[in-house]
Each structure stands twice: as C-alpha cells, then as structure tokens.
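Student: Okay, handing you the structure first.
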Amino acid sequence: MKVAVQQEDLELLARTLQEQFLAQVPSGEVFQIKCAVNKDELMILTQHPVGVTVDTQQIFAVLEEVLQSLPTYREQQVQCFLRVSGDKLPYSKRSLTMKQGNRGVEEQGSREAGEAMFSSFSSFSSSSSISSPSSSSSLLFPPQDFPYTDENQEEELEDPFDPLADTPNLLTNQTKRRQVQPILLGAALVGILVFGSGAYLLTRPCVMFECKEIQAAEKLKTESRQRISRAKSENELVTVQKQLEVTSADLITIPGWSPHYQQAEELKISLFGQSEKISQVVKALHVAATATQKTQTRANSLEELQARQHLWRQAIAPLEAIDPNSELYGFVQPRLIKYRVSLQTVNQQLLAQERWLKKLTAAKAVASVATQREASAKSLSDWRKVQSTWQIAVNALIVIPQTSPASQEAQKLLLNYKPKLATARDRATKEQLAAKSYQQALTTAKQAKVYEQQNQWQAAVIYWTQALQTAKQISQDSTYYNQAQSLTAPYSAALQQAQEKLQIDSSWQQTRTDLNKTCTSEIRICTFTINDKGITVWLSSEYEQVMQSSLFNANPQNSSPAIGATNHWQILQDALAIISDNANLPLFIYDTQGQGLYTHIPGG
C-alpha cells in the first residue's frame, strides 16, 4: 500500500505543477513534468518538444511558486531539471532550497513533523519501483531520466527507486534507529503534501463553488452580439473587444479538473472568435484611415499610387470576409462600399497614370529617333523630318497634366526637347530659304540670258545682278551653300560682260537715233539692228515698191522719175555710210529678199 500511496503523492505533485504550467506558461500544454525522490532530495524534470521557445527563468519561478505554496519544510533541497524531449541530458538545472518563511506559530511548530514527513516521503518514493508492471503513470520517471552534468562532467546519480529495505544488515542498531526518523519525516511530509495539494486544487476557480466566470462569459456572449450589431464607431467595437479579452482570460484560470472546464473551453473559443473578428475589422479601419490620409496629397510617383491601392485592398479584404449573417455586417457594409469606391478611384488614377507614363516613354523613344536623324541630316527634306520628329516628342509631353506623377519628368524633358525643336525648325527654315534662293538665282540668271539674246543689255545687267546677289545671300549653314558658291563666279563674269555690253549699247544710242531718222520719212524706208558686228539695214517693201514704180514710169521723153529714184537711193547710201563711219561699225544693206545691195567699211 505504501508504494501506491507514494506513487499517488508524486503523481499529485506532478499534476499540480502541470496545471499551473497551463495557467502561467505560454504553450504550457506541450510541457511534461515528472517527479521523483533521490537521497532525500525531491527531483523535478520538465521537458518539452524541440522548437519550443522556453523562458527558463519563468519555468523555475513557476516551480518554486507551487512548491512554496505547499506546507513548509526546513532547508530542503529540490533539484529542478529542464531538457528537450528525447535528449539524455538536461540543458538547464536549478537547485531550490525551500525555506520556511513566516507562516505562523502552528507552522513553525510543525517543522519537525515536516522534516519527518519529507524523509518518509523520500523513503516511500525510494521504495517505489517504476519498473514494476503495476506502475504505469507517465508523470513518474525512472532514474535514467535524471542525467546531470556539472561543468561538462557527467555525474551518475543513485537510483532513487532502489528500496531501502534491501540495505545490507551490516548497519549497526544505532544506524537503524537513525533511519526511522527520515521515514517518519517522509510520512508526515506526504500527509502535509496531500492535504496542502488537495486544498490548493479544491480552491481553484469553478471547482467547488458557483462558477461566476462561466456566468459572466455566457452573459457577455449574448450581450456582445447585440452591442456589436448596434455599434456606430470603432471605439464602441474596441470596448466590446476588450471585455471579450478580459472574460476570456478569466476562463483560462478554470483548471482541467473543474466540472465546468469543457464549457469554459467552448466559451473561450466563442469569445475568441468574436474578438478576432472585431480585431480584423478594427485593423481594416486603421488601414483605411491611413489610405484616406495618404489620398489627401498628390502622388508623386506610380509607386505611391500602387502603395495606396495595396492599402485599400488590405482594408477591403477583411471586411469582405464578414458573413451577411454576422452581427458585424451592418457596421461593415457601408464602409465596405465607401472603400470600394476609393479603390476604384485609385485604380482609375493608376490607369490614367499608366497612360501618361506610356506617353512619356513614347516621347523618349521619338526623341531618340529625332537625335539620330539630326546627326545625319543634310537636305531640306532631312531637316523637315528632324523638325517634325521633335515636334511629335514635344506634343506628347505637353499634354501630360501637372497632376500626373509623370509631369515632373515630362517638364524636365521639355526643357531639353523644346530648344532642340527650335534649332531644327530654324535649320529647316534656313534650308527652305536656301533652296528657294538657289532656285531663284537659277531662274533669274536664265532670264538674264534671254535679255542678252535680245540685246537688251540694260535688263540683262539688272537680272544678272539679282541672280548674283541671291546666290551670295544663301547661308553658310545651308546645304545649298556650296552649290550657291559655284554660281557666283560665272554669274559675276556674266554680269561684267553685260555691263560692258550695256556701256557699248549706250554709246550706240546716237547711232540708233540717226538710223531711225534716216529710215523714217513719209513711208518706212528701212529697218536696222546694231551689234558689235556692225549695222545691218533692211529696205522696206514700201520703199522698194516706190523705187520700182518710179523706174517703171520713166520714158525716153521724160526721165525725171528715174533720175529722182536713183538720186534718192544714192542719198540713202551716203547717209547710212556717214552713220557707219560715226559708229565705227560696218554697214550692210539688204533688200526684202535678203540680197546684199550695199556694204560700207569705215576707213576702208
């Protein structure tokens, strides 16, 4: 019977510690606690799975707190071990010396009994064999569960389960009498431990008396739903959430041996679910508030708009998860509609900005083409293409609004592109003017040659002068400059020749006057031309008819008409010869048939 009693005592202590771990230690349910006695020392092994975060200070503090709550005993050592499940050696150890403290006169008077009980407890524990088939408690552990290293040196502990009854009879009677005291002390300690532990377990919440925590939780479960459905603001929801958290914390204190434990667990799950839903909604409201604040200022980049889009999606997603049957649905729905509108606005802004960014990218590509064309432009056609390409790039940037994140970069590019457009426009204008001037010079020179052929030297001089000046005015930046330069030399020579001809022609003006008087009478006697080859005179058909008529009418009896015609023809020849001498030009007279009638060479 002693074996059974001692096993139950150790099991009770281990269970007490286990329950306290569930209440005070995070993830307390994963810890396993075992107890044993070795050499009058109580040993407690705490082990946990791999990967669990452990606060060793808290573990040992909880163990000490529970042991201090048990009946007092004098200066007893408790060895506490902490290890990972499956490992042979612990990774942490602490020795606790349990001191009595000021517990009153009655407790002080029971020191001797406490000592005897602890000795008896140790003896009973030592005489219990865990390897016995009758021992199946998982809360107890064999001696090999207590390997311990001190300064990296393994120390083999004595088996706390080796029965003292098997001690050899070599002991003296005095020694045997001394063994009686630890046995009595252990028995007393077991009694106090059982009594104290039982009192501790029975005084836990919802074990013996009415469970106020359950009643409060049931009431809040019903009231919270009503309050949530009537909530108008975030503060009201937060207030309900805090009450749910406090009530859930009260339910945690209900131990596993309480008859209300299962109900408490169900209520905890229900209250936690309500609290979690409120938490999700509150977080969504905070994210929406942040998004709203950011939308008060203009976005300077596409990334800022994308960040706002992400915030609105974060705010909307938890609210969309709220079921229409949930008490939060009425609170969430109007806000969800508002948030969706805001998200749609941001989406539209993103689409618009993406279009502007595409224009910006396209403008850069066009500007690159314009730069390439500008480097190889030679003709008017080339510069017109350069101008039009720069114009396309500038037009694409001008339409980007100032509210767009692309506006800042667009303005910087315009500061670069506009001067290049102006340069290309000026160059194209110069090329156009040069082409026009070059063509005009050619046309004017052609007309000057026509006037030369007509011996209109005054007009020829004027046109040659215009052609030469036009060719000289073509800009050096123009591609027509070299072609224009090739015209200046022949145009200058032609002008000089025309000027000389004009000078000569001016000196023949008196000759023309004399010829005109000579060739004109009552009838037109002749026509003439003057050039550097001489004076050419053609008799008119009227004059020839008069001459022939006079000769025809003459007869032997009256020869006066023939004599008159002959005299007039001679006078005409003499007058023309004098004009020829004055002009120092040969004279050639032809009839209407082109037959030469008279030739006069000055000085001949």
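Student: Add +1 for every Lys or Arg and -1 for every Asp or Glu among the other residues with Cβ under 15 Å from the Cβ of T444, and state the total.
Tutor: +3
Student: Where does each of L597, L302, L585 land when they are ordered by accessible area, with a 1.4 Å probe and the largest first?
Tutor: Per-residue accessible area, sorted high to low, gives L597, L302, L585.
Student: Mind ranking V399, V346 by accessible surface for me, highest first, 1.4 Å probe? Intermediate values should be presented prior to the final figure.
Tutor: Working: V399 75, V346 5 Å².
In descending accessible area the options line up as V399, V346.
Student: Also, I was wondering about something else. Where the centre of each part is set by its Cα atoms, how far does region 452-476 sit from region 344-402, in angstrom?
Tutor: 46
Student: Grab the alpha carbons of region 384-431, take their convex hull, and tell me the volume per residue in Å³. Show your work: numbers first, answer last.
Tutor: Values: hull volume 2.4 nm³, N = 48.
Hull volume normalised by residue count: 51 Å³.
Student: Using every alpha carbon pair in region 311-417, what percent of pairs falls into each 10 Å bin from 0 up to the bin containing the largest distance?
Tutor: 14, 28, 18, 14, 12, 9, 4, 1
Student: Would you tally the net charge around K418, using a Cβ to Cβ cut-off of less than 12 Å, leaving K418 out, and scoring K and R as +1, D and E as -1?
Tutor: +3
Student: How big is the Cα convex hull of region 205-265 in projection, averaged over all directions, in nm²?
Tutor: Computed as one quarter of the Cα hull surface, the answer is 4.0 nm².
Student: What's the local net charge at Y543, with K and R +1, D and E -1, over the other residues with C-beta under 10 Å away?
Tutor: The answer is -2.
Student: Moving on. How many percent of the alpha carbon pairs in region 5-47 exceed a separation of 11 Å?
Tutor: Roughly 64 percent, rounded to a whole number.
Student: Taking θ as phi - 60°, what are the ³J(HN,Hα) couplings along region 408-421 by the Karplus curve (6.51, -1.76, 1.60), each to the nearest whole Hz, with x for Gly and Pro?
Tutor: So the Karplus estimates, Gly and Pro as x, are 4, 5, 4, 5, 5, 5, 5, 4, 8, 6, 4, x, 5, 5 Hz.
Student: Taking the Kirkwood radius as the inverse of the mean 1/r across Cα pairs, report the Rg/Rh of region 563-604.
Tutor: Values: Rg = 11.0 Å, Rh = 10.9 Å.
Rounded to two decimals, Rg over Rh is 1.01.
Student: So for region 256-305, Kirkwood radius off the Cα pairs, Stokes-Einstein at 10 °C and 1.306 mPa s: how many µm² s⁻¹?
Tutor: Using the Kirkwood radius from Cα pairs, D works out to 112 µm²/s.
Student: Where in region 227-242 is the amide nitrogen less than 20 Å from a point lying 7 Å along the Cα-to-Cβ axis of N325?
Tutor: Only 227-230 pass the distance filter.
Student: Keeping all protein chains in position, work out how much accessible area D323 exposes to a 1.4 Å probe, and write it in Å² to the nearest 10.
Tutor: Approximately 80 Å² for this residue.
Student: Pairs K34/K212; K221/K283; K449/K517; K358/K412; K88/K268; K446/K533: which are spaced more than 26 Å apart, C-alpha to C-alpha?
Tutor: K34/K212; K449/K517; K88/K268
Student: Given Cβ point charges of +1 (Lys, Arg) and -1 (Asp, Glu) and nothing else, what value in debye, to the nearest 20, does the dipole of region 373-492 about its Cα centre take?
Tutor: 100
Student: If you scale each eigenvalue of the Cα gyration tensor by 5 and take the root, what three semi-axes come out for region 375-472, rounded to whole angstrom and sorted largest first?
Tutor: So the equivalent ellipsoid measures 48, 10, 9 Å along its semi-axes.
Student: Related question: Where does each of E218, E452 land when they are ordered by accessible area, with a 1.4 Å probe and the largest first?
Tutor: These residues rank, largest area first, as E218, E452.
Student: As a test question: what accessible area, to the nearest 10 Å², does E409 have when a 1.4 Å probe is rolled over all protein chains in place?
Tutor: Around 80 Å² of this residue is reachable by solvent.
The values are calculated or read from the model by the stated rules, or taken from the named source; none is laboratory data. Only a predicted model underlies this, so the values are computations on that prediction, with no experimental measurement involved. Don't worry about glycine lacking a Cβ; one is built from the backbone with ideal geometry, like all the others, and counts go over all protein chains shown. These accessible areas exclude ligands, DNA and RNA; they are computed on the full protein's heavy atoms, side chains included. Shrake-Rupley method; radii C 1.70, N 1.55, O 1.52, S 1.80 Å.
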